[in-house]
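Working notes, beginning with the structure itself.
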Amino acid sequence: MPYKLKYDDSEVNRCLLCADPVCTKACPQHADVGSILRSLFFDNYVEVAEKLNDVDCTYCNAPCEKACILNDKQIPIKIRDIFMGMKESSQNIPVMKLKDVDISAEICGVKLENPFLLSSSVVASTYDMCARAFDAGWAGVAFKTVCNFPQHESSPRFSAIHNHANSFCGFKNIEQLSDHSVAENMKIFHQLREKYPTKVIVASIMGQNEAEWTMLARMCEDAGANVIECNFSCPNMEASDLGITIGQSEELIERFTRATKRGTSLPVLAKLTPNITDMVPMALAAKRGGADGIAAINTINSITGVNIDTLVAEPEVQGKSIVGGYSGAAVKPIALRFISDLANCKDLCGLHISGMGGIETWRDAVEFMLLGAGSVQVTTSVMQYGYRIIHDLTCGLRDYLRCKGIPALTNLIGGASKTVVSHQGIERDIIQLPVFDYDACNGCGRCYISCMDGGHQAIEFDPETRRPKLKGTRCVGCHLCRMVCPNEAIDVAPKVLKVKA
């Protein structure tokens, strides 16, 4: 949403998002401080503004900051400054055009109360976990992949790349499938269906042959599943003819999708791998086999790093490591590309797309849906922050639709899909030059450095005034300067035709 808020997001990013926030307990005005900070962390600004309506920090001595657990070893979060900044910015929150909106979705005709599901992984692997997720507000779960062969897990099995706020930029796992027996998993499905009749159970399955794909699909339907998801994409299998190997073969995808359809009357999703150049042929193979939709993307083959002390790749398992599946925020651009490819293929029209890959906030989810996903699945963000993020996902999505005047989520799906065109389809004869906002500029000179060493030497920098100046005849309108500016102090001039040499 096009508004700026005056608060220090670097301070918000330092927040530990505690399980039991002591700052909340310390607030004399009984504000839900921890929840407000978490909503800011996940870009849920509208709800934060509403929560702060009845809170006045002007004359408060900030006992919430004194209670902050960072007091032990670091500087506490500047909660009062953050809240005061938000109050000052409240006039920039857009007026709601609609009182309420419909955020319900569906998977191949199966109703979802909202578009958010847990993706097939450890976060949806037991009855208790799924029950707590449903109680928190998740519309459905794609249960950890059910199979009829033993799993041999390693320890440790995760590694990550962190950003400056110590959150995962990227996350690697070398985990396999459900370690429960088929019978145990079917019991869990029965229990979930009985306790949560309106929630959606997506049964992820993996067979070793056609007969197993058929059998597992039939058993999952009998146990109460709503949708079957064929795991054609797990990169961590010990056997060379399972998981990702299937997802890289049109023939195997078509054959095993058809085998799955023989065992069930439920909708069937084919969960595809991004470890290919083009996903569309694989999706078409799934459609030929009878798939009703596509789930994408699964994790990307990766090595997240090497421990330069032990000289072993991560995660280290007794002195060795393996290539594993990469997920988290870093893979979102790749996931969006595949979602766009699928949505723009005319021959796949009518197939549901369940999108996943780097979804952390409601904004991420909106991007997936604008490019054609009808539902979205989440794992890595839940592994970091817990099931509680569903509140900010649903509230943020609802407020976005209300501000935009969009009455139903279904009106949003695919809204940006046609804006992704071929390389010949974009305008190349216009230019937009940058414009400096000197009131917002802090004089750091980052734009100058980047333009000099990574651009077209189109910016001068006066060390006396500490102001950048554009050399318009050299500027090509690449906007690198805007990307690196820490204060968002560079805007753009109106579009003009390029001057031909």
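All but one of (1) within 18 Å of Leu266 (Cβ to Cβ); (2) among the hydrophobic types (A, V, I, L, M, F, W, C); (3) surrounded by fewer than 20 Cβ atoms within 10 Å (Cβ to Cβ) hold for Ile228; which doesn't?
Exception for Ile228: condition (3).
In the set Asp102, Asp179, Asp81, which member is surrounded by fewer than 22 Cβ atoms within 10 Å (Cβ to Cβ), at pLDDT 95 or above and of a type in the set (Asp, Glu)?
Asp102
If we keep just the residues of the range 360-406 that are among the β-branched types (Val, Ile, Thr), closer than 17 Å to Ser104 by Cα and touching a helix residue (DSSP H, G or I) at 6+ places or on another chain (Cβ under 7 Å), which is surrounded by the fewest Cβ atoms within 10 Å (Cβ to Cβ)?
Ile390
Regarding the range 15-27, can at least one residue be identified that is charged (D, E, K, R), surrounded by 14 or more Cβ atoms within 10 Å (Cβ to Cβ) and either part of a loop (DSSP other than H, G, I, E, B) or in the same structural domain as Cys403 (by TED's automatic domain parsing) (or both)?
Applying the first criterion (charged (D, E, K, R)) to the range 15-27 yields 20, 25.
Imposing the further condition that a residue be surrounded by 14 or more Cβ atoms within 10 Å (Cβ to Cβ) reduces the set to none.
Checked against the condition, which is being charged (D, E, K, R), surrounded by 14 or more Cβ atoms within 10 Å (Cβ to Cβ) and either part of a loop (DSSP other than H, G, I, E, B) or in the same structural domain as Cys403 (by TED's automatic domain parsing) (or both), the range 15-27 yields no hits at all.
With the structure loaded, tell me whether Met186 is assigned to a loop (DSSP other than H, G, I, E, B) and touching a residue at least 12 places away in the same chain (Cβ under 8 Å) or whether it fails that test.
Against the criterion (assigned to a loop (DSSP other than H, G, I, E, B) and touching a residue at least 12 places away in the same chain (Cβ under 8 Å)), Met186 does not qualify.
Pull up the range 291-319, narrow it to residues that are of a type in the set (Val, Ile, Thr) and not in a loop (DSSP other than H, G, I, E, B), then point me to the one that is nearest to Cys230 (Cα to Cα).
Going through the qualifying residues, I end up with Ile294.
Checking Ala133 against (1) assigned by TED's automatic domain parsing to the domain that holds Asp364; (2) under 28 Å from Thr24 (Cβ atoms); (3) loosely packed, with under 15 Cβ neighbours inside 10 Å; (4) in contact (Cβ under 8 Å) with a residue 40 or more places away in the chain, which test does it fail?
Of everything listed in (1) assigned by TED's automatic domain parsing to the domain that holds Asp364; (2) under 28 Å from Thr24 (Cβ atoms); (3) loosely packed, with under 15 Cβ neighbours inside 10 Å; (4) in contact (Cβ under 8 Å) with a residue 40 or more places away in the chain, Ala133 misses just condition (3).
When you scan the range 90-127, how many residues do you find that are out of contact with any Gly (no Cβ under 8 Å at 6 or more places or on another chain) and basic (Lys, Arg)?
Final tally of qualifying residues: 2.
Being within 19 Å of Ala329 (Cα to Cα), in contact (Cβ under 8 Å) with a residue 12 or more places away in the chain and not β-branched (Val, Ile, Thr) narrows it down to one residue among Ser178, Ser167; which is it? Outline the logic, then answer.
Details: Ser178 fails: within 19 Å of Ala329 (Cα to Cα).
Checking each option against the conditions leaves just Ser167.
Could you give me the residue pairs with C-beta distances under 9 Å whose first residue belongs to the range 351-372 and is farther than 21 Å from Thr273 by Cβ and in the same structural domain as Ala296 (by TED's automatic domain parsing), whose second residue is part of a strand (DSSP E or B) and of a type in the set (S, T, N, Q) wherever it lies, and which are 6+ apart or on separate chains?
Cβ pairs passing all conditions: Met369/Ser375.
Restricting attention to the range 294-317, and to residues there that are within 27 Å of the chain's Cα centre (by Cα) and polar (S, T, N, Q), which single residue is farthest from Leu348 (Cα to Cα)?
Result: Thr304.
Determine if the range 409-424 includes at least one residue that is more than 31 Å from the chain's Cα centre (by Cα), buried (at least 17 other Cβ atoms within 10 Å of the Cβ), of a type in the set (Gly, Ala, Ser) and at pLDDT 95 or above.
Looking through the range 409-424, none of the residues is more than 31 Å from the chain's Cα centre (by Cα), buried (at least 17 other Cβ atoms within 10 Å of the Cβ), of a type in the set (Gly, Ala, Ser) and at pLDDT 95 or above.
Can you report the number of residues in the range 218-238 which are in a loop (DSSP other than H, G, I, E, B), aliphatic (A, V, I, L, M) and touching a Gly at 6+ places or on another chain (Cβ under 9 Å)?
1
Among the residues of the range 425-444, are any outside any loop (DSSP other than H, G, I, E, B) and of a type in the set (Lys, Arg)?
Here is the first cut: in the range 425-444, the residues outside any loop (DSSP other than H, G, I, E, B) are 430-431, 434-436.
When the remaining residues are screened for being of a type in the set (Lys, Arg), the result is none.
The answer is no; no qualifying residue exists.
Spot the failing condition for Pro463; the list is (1) touching a residue at least 12 places away in the same chain (Cβ under 8 Å); (2) out of contact with any Cys (no Cβ under 6 Å at 6 or more places or on another chain), and only one is missed.
(1)
Residues in the range 445-484 that are under 15 Å from Val435 (Cα atoms), among the small types (Gly, Ala, Ser) and surrounded by fewer than 14 Cβ atoms within 10 Å (Cβ to Cβ): how many?
1
Every residue, every condition in (1) over 30 Å from Ala343 (Cα atoms); (2) without any contact (Cβ under 8 Å) to a residue 12 or more places away in the chain, yes or no:
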| position | (1), (2) |
| --- | --- |
| Gly396 | no, no |
| Glu427 | no, yes |
| Leu433 | yes, no |
| Ser450 | yes, no |
| Asp453 | yes, yes |
| Cys475 | yes, no |
| Arg482 | yes, no |
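Test Ile390 against the criterion of being assigned to a helix (DSSP H, G or I) and either within 21 Å of Gly293 (Cβ to Cβ) or among the hydrophobic types (A, V, I, L, M, F, W, C) (or both), and give yes or no.
Answer is yes for this residue.
Spot the failing condition for Glu194; the list is (1) in contact (Cβ under 8 Å) with a residue 60 or more places away in the chain; (2) acidic (Asp, Glu); (3) out of contact with any strand residue (DSSP E or B) (no Cβ under 7 Å at 6 or more places or on another chain); (4) within 30 Å of Ala211 (Cα to Cα), and only one is missed.
Among (1) in contact (Cβ under 8 Å) with a residue 60 or more places away in the chain; (2) acidic (Asp, Glu); (3) out of contact with any strand residue (DSSP E or B) (no Cβ under 7 Å at 6 or more places or on another chain); (4) within 30 Å of Ala211 (Cα to Cα), the lone unmet condition for Glu194 is (1).
The values are calculated or read from the model by the stated rules, or taken from the named source; none is laboratory data. Quantities reported herein were computed from a predicted structural model and do not represent experimental measurements. All Cβ positions, even for glycine, are placed from backbone atoms using ideal geometry, and neighbour counts span all protein chains on display.
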